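Contents: one structure, followed by commentary.
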Amino acid sequence: QVQLVESGGGLVQPGGSLRLSCVTSGSFFRLYVMGWYRQAPGKQRQMVALITSDGSTNYADSVKGRFTISNDNAKNTVYLQMNSLKPEDSAAYYCNVLLKRTVVATMSDYWGQGTQVTVSS
C-alpha cells in the first residue's frame, strides 16, 4: 500500500508565500517522478511542477520564477515553495508520484488527497 500525505495549504494574501509538503509512505521499490498538480473549480487539473529523482525539474509557464519544487529522497518527500502568490493560484493542489512497487513491476502513479490553497485579501 502506498500513501501520499500532503500538508501546508491555507489562506494567504496576494503576494504572500506558502510551502506545500507531500510525504510518500508504504512499500515500494523506487520513486521516479514527484510532482504537484492543481485544480480550480470548473477547470481541468493542470501540472504545476515536476521533479525527477535526479533533480530535473519542469514548471508550468504560469508559475515559473515564483514556485520552486524540491525533494528529499531520503524522506520520500516533495516540497513546493510558492512565492508571490496570486488569486489565480487558488486551487486544490494535489501531489502525484510515479514509482515502481517492485524492481520488476511496471510504473504506477499515485495521488494525494489534495490540499486547498486560497489566495485572497
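The values are calculated or read from the model by the stated rules, or taken from the named source; none is laboratory data. Being a predicted model, the structure only gives us computed values, none of them experimental. Using ideal geometry, Cβ is built from the backbone for each residue, glycine included, and neighbour counts are taken over all protein chains shown. Note: areas computed on protein heavy atoms with side chains; ligands, DNA, RNA excluded. Shrake-Rupley method; radii C 1.70, N 1.55, O 1.52, S 1.80 Å.
If I go through region 57-85 residue by residue, how many of them are outside any strand (DSSP E or B), more than 21 Å from Arg30 (Cβ to Cβ) and not β-branched (Val, Ile, Thr)?
Of the residues in that region, 9 qualify.
If I filter region 10-21 for residues that are over 22 Å from Ser120 (Cα atoms), touching a strand residue (DSSP E or B) at 6+ places or on another chain (Cβ under 6 Å) and open to solvent by 70 Å² or more (accessible area, probe 1.4 Å), do I get at least one hit?
no
Starting from region 61-85, take each residue that is over 15 Å from Met47 (Cβ atoms) and list its partners that are among the basic types (Lys, Arg) and surrounded by 15 or more Cβ atoms within 10 Å (Cβ to Cβ), counting only C-beta distances under 9 angstrom and pairs at least six apart or across chains.
Final answer for the pair search is Asn83/Arg66; Ser84/Arg66; Leu85/Arg66.
Can you pull out the residues in region 86-121 that are touching a residue at least 40 places away in the same chain (Cβ under 8 Å), part of a loop (DSSP other than H, G, I, E, B) and either crowded, with 21+ Cβ neighbours inside 10 Å or of a type outside the set (A, V, I, L, M) (or both)?
Matches in region 86-121: Lys86, Ser90, Arg101, Thr102, Gly112, Gln113, Gly114, Ser120, Ser121.
Could you grab me the full set of residues in region 22-52 that are in contact with a Leu (Cβ under 9 Å, 6 or more places away or on another chain), assigned to a loop (DSSP other than H, G, I, E, B) and either open to solvent by less than 60 Å² (accessible area, probe 1.4 Å) or free of Cβ contacts under 8 Å to residues at least 24 places away in the same chain (or both)?
Answer for region 22-52, where residues must be in contact with a Leu (Cβ under 9 Å, 6 or more places away or on another chain), assigned to a loop (DSSP other than H, G, I, E, B) and either open to solvent by less than 60 Å² (accessible area, probe 1.4 Å) or free of Cβ contacts under 8 Å to residues at least 24 places away in the same chain (or both): just Phe28.
Name every residue in region 53-68 that is of a type in the set (Ser, Thr, Tyr), at pLDDT 95 or above and open to solvent by less than 50 Å² (accessible area, probe 1.4 Å), in order of residue number.
Tyr59
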